[in-house]
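Accompanying notes for the structure given below.
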Amino acid sequence: MRGWSLLTLVLALAGSGCIGFDTVPPQAVAARRPPFAANGEGVAVDLAMVERPADDEFLSRQLWKMADEQVVVLERRADLDDNGFRIGQLVGAMPEEMHRLMQSERTCIEPRRYSVAPGKTITRVLGPTQARCEFAVLHQGAYAPYVFENMEFCLDLCPILGDNDKVQLRFTPKIQYTEPTLPFRPAADRSGWVLDLNKPSKTFPELTWDVPLRPGEILLVGARPGKHTTFAGKALLIDDGVSRKQRVLVVRCQRLQTRSPGDHAFPREVLALPAPPLALQATMTNP
């Protein structure tokens, strides 16, 4: 009985948010953060989600006329298209309508800047949690169906320093889900059990793609119309039974000098402006 009482208390604390970063000393959090590269360089990755009705003319058509959809290497495009992904690099200045959408709290969802070491993976959730979802992954003609409960569609992003001022971004589709089990796992030294609140996940490395970006260049990740049963369709074409919406992930990155890694919210105007001069980077990248 005593064991179950302790378990109930632990789960109650976890559910109420009492176990988390708020209760960990700042120095302990800093100790868990990865160091920047040996040369002192890091990467700032700006991510934001733009959401509009499914039939929105600008987000469905006009925006993509201003994007280079050949930015992914040829041998990866067929698989990405089969799985519903639409990927393009914005050409020229930010369109006025996109600038307006990026500044609105109603249409620009959770803009965040992640300051990380090269090679550090960032996970971005693409849509709301789905109670039950069926979708299929197609790879080189092979069809693989999946069914998950209480799951979220995500993208893992991994920045790698490229030539000159470029940053190579690697994208890997992923889902996170909840298992109907207690959140405990064996300790590494097998001395007992430890609480693990991380969600189980599954990645799809067969759908990985790379894109090089320079400072100020913006990448768009959306879903192709009509591909509702694919990974990207289920993730970015949202139908909650009341309304149908579409989402486009907006990505920008740049190199940084040595800063403390972390992630934080940032003003929506940041993504809508050109890359800042180096002299201003310090004021924009503190976690």
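The values are calculated or read from the model by the stated rules, or taken from the named source; none is laboratory data. All values derive from a computational prediction rather than experimental measurement. Note that we place each Cβ from the backbone using ideal geometry, even for glycine, and neighbour counts take in every protein chain shown.
Summary table
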{"item": "Selected residue [surrounded by fewer than 15 Cβ atoms within 10 Å (Cβ to Cβ), touching a residue at least 12 places away in the same chain (Cβ under 8 Å) and under 23 Å from Trp209 (Cβ atoms)] from Glu97, Glu69", "result": "Glu69"}
{"item": "Pairs with Cβ under 9 Å, 6+ apart, first in the range 151-170 and touching a residue at least 60 places away in the same chain (Cβ under 8 Å) and closer than 10 Å to Pro118 by Cβ, second in a loop (DSSP other than H, G, I, E, B) and among the small types (Gly, Ala, Ser)", "result": "Pro159/Ala117; Pro159/Gly119; Leu161/Ala37; Leu161/Gly119"}
{"item": "Which listed residue is at pLDDT 90 or above, closer than 24 Å to Ser60 by Cα and either of a type in the set (Ser, Thr, Tyr) or touching a Ser or Thr at 6+ places or on another chain (Cβ under 8 Å) (or both), from Leu207, Leu126", "result": "Leu207"}
{"item": "Filtered residues of the range 141-172 (kept if farther than 30 Å from Gly42 by Cβ and either acidic (Asp, Glu) or surrounded by 17 or more Cβ atoms within 10 Å (Cβ to Cβ) (or both))", "result": "Phe148, Glu149, Met151"}
{"item": "Extreme residue, surrounded by the fewest Cβ atoms within 10 Å (Cβ to Cβ), among residues of the range 234-256 that are within 16 Å of Arg86 (Cα to Cα) and of a type in the set (A, V, I, L, M, F, W, C)", "result": "Ile238"}
{"item": "Filter pass, Ala30 being part of a helix (DSSP H, G or I), among the aliphatic types (A, V, I, L, M) and at pLDDT below 95", "result": "yes"}
{"item": "Count of the range 82-141 residues which are in contact with a Cys (Cβ under 8 Å, 6 or more places away or on another chain) and either more than 18 Å from Leu236 (Cα to Cα) or small (Gly, Ala, Ser) (or both)", "result": "4"}
{"item": "Residues (touching a residue at least 12 places away in the same chain (Cβ under 8 Å) and among the hydroxyl-bearing types (Ser, Thr, Tyr)) located in the range 100-146", "result": "Ser104, Thr107, Tyr114, Ser115, Thr121, Thr123, Thr129, Tyr146"}
{"item": "Residue within the range 221-239 that is in a strand (DSSP E or B) and either at pLDDT below 90 or over 30 Å from Gly92 (Cα atoms) (or both) present", "result": "yes"}
